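The values are calculated or read from the model by the stated rules, or taken from the named source; none is laboratory data. Note that this is a predicted model, so its numbers are computed, not measured. Ideal geometry is used to build each Cβ from the backbone, glycine not excepted, and the neighbour counts take in all protein chains shown. Keep in mind that these areas ignore ligands, DNA and RNA; they rest on the heavy atoms of the full protein, side chains included. Shrake-Rupley method; radii C 1.70, N 1.55, O 1.52, S 1.80 Å.
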Amino acid sequence: MTDLTAEKKIIIAGHVASGKTTALRTLFGEKLLSTDAAYSGSTSLESKKTTTVAMDYGVIRCPKIPVRLHLYAIPGQERFQFMWEILGKNADGLIVLIDATRPQPIDAIHLYLDKILPFLNSTLVVVALNKLDPEQRASLRLPPYLRHGDLRLRLTTTDVRDPKEVMALLRLLTAEMIETEQR
Ligand SMILES: Nc1nc2c(ncn2[C@@H]2O[C@H](COP(=O)(O)OP(=O)(O)O)[C@@H](O)[C@H]2O)c(=O)[nH]1
Ligand SMILES: [Mg+2]
C-alpha cells in the first residue's frame, strides 16, 4: 500500500542543456529555488547562457494521490559530480532528460546512469527524450521500456516547456513507484 502522506525525493538528471532547469521553471516559475550561474563551458551551446552549479529545487503535490514530490535537478556538468552524491542520497526516483538533438541520444545515457544510480536509494527511472519537434515526436516509435543492465527504465518523449508534459513525467514515475510498492 502506498503511504498516503508520503514525501518523495525525485532527482532530475541529464546532460547540460537537456532541459532540467526548464522543466522545473515550467512548474514553479519565479518560485523555483535555482543556483544558475554564467555558463563557462564550451561555446558550442550558443543558447546556453547560464548553467546549474548546485541544484534547482521545488516541491509539488501530486494530483489524485496525496504524495508530495521534492524535485531536485542536479547539475549536468561532470565537474559538479560531487553534487550528484550529495543530492542523490535517499532519492526515491530519477527522471533523466535527454536532449534528443544530440547524436545517438539514448546510447549516451548508460555511462551517465552508471555514475548516478549508485548514489540513489531507488532504481525507479523514467527516461524522457526532450527537444524533439512535433513531427519527429509523432513519427517516433519508442519501446515503452529501455534496458540498463538488469534494470527496466520507463522510456518516453516530452516537451518540458509545457507544464502538462512535466506533470505527465511525474505521473509515470509515481505510477512506477506504486507498482513496485504493491509488488
Ligand atoms: N526546443 C526546446 N528547447 C528546450 C526545451 N527545454 C529546454 N530547452 C532549451 O534548452 C536550453 C537549455 O535548457 P536548460 O533547462 O537550461 O538545461 P539544463 O542544463 O538541463 O538545466 C534552454 O535554452 C532552453 O530554452 C524543449 O523542450 N524544447
Ligand atoms: Mg540547469
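Details
- Of the helices (runs of 4 or more DSSP H) entirely within region 91-183, those holding at least 3 residues that are open to solvent by 70 Å² or more (accessible area, probe 1.4 Å) and not acidic (Asp, Glu) occupy 134-139, 163-182.
- Test: residue in region 6-20 that is over 12 Å from VAL96 (Cα atoms), touching a Phe, Trp or Tyr at 6+ places or on another chain (Cβ under 6 Å), at pLDDT 80 or above and more than 12 Å from ligand 1 (Cβ to nearest atom): no
- Complete set of residues in region 53-64 that are away from ligand 1 (no atom under 16 Å from the Cβ) and open to solvent by less than 50 Å² (accessible area, probe 1.4 Å): ILE60, CYS62
- Residue match in region 29-38 (condition: touching a residue at least 24 places away in the same chain (Cβ under 8 Å), away from ligand 2 (no atom under 12 Å from the Cβ), touching a strand residue (DSSP E or B) at 6+ places or on another chain (Cβ under 6 Å) and under 26 Å from LEU124 (Cα atoms)): yes
- Some residue of region 30-48 being within 12 Å of ligand 1 (Cβ to nearest atom), open to solvent by less than 60 Å² (accessible area, probe 1.4 Å) and part of a helix (DSSP H, G or I): no
- Selection count, region 73-90, where residues are open to solvent by less than 50 Å² (accessible area, probe 1.4 Å) and either modelled with pLDDT of 95 or more or outside any loop (DSSP other than H, G, I, E, B) (or both): 6
- Per-region count, region 122-141, residues among the small types (Gly, Ala, Ser) and within 11 Å of ligand 1 (Cβ to nearest atom): 1
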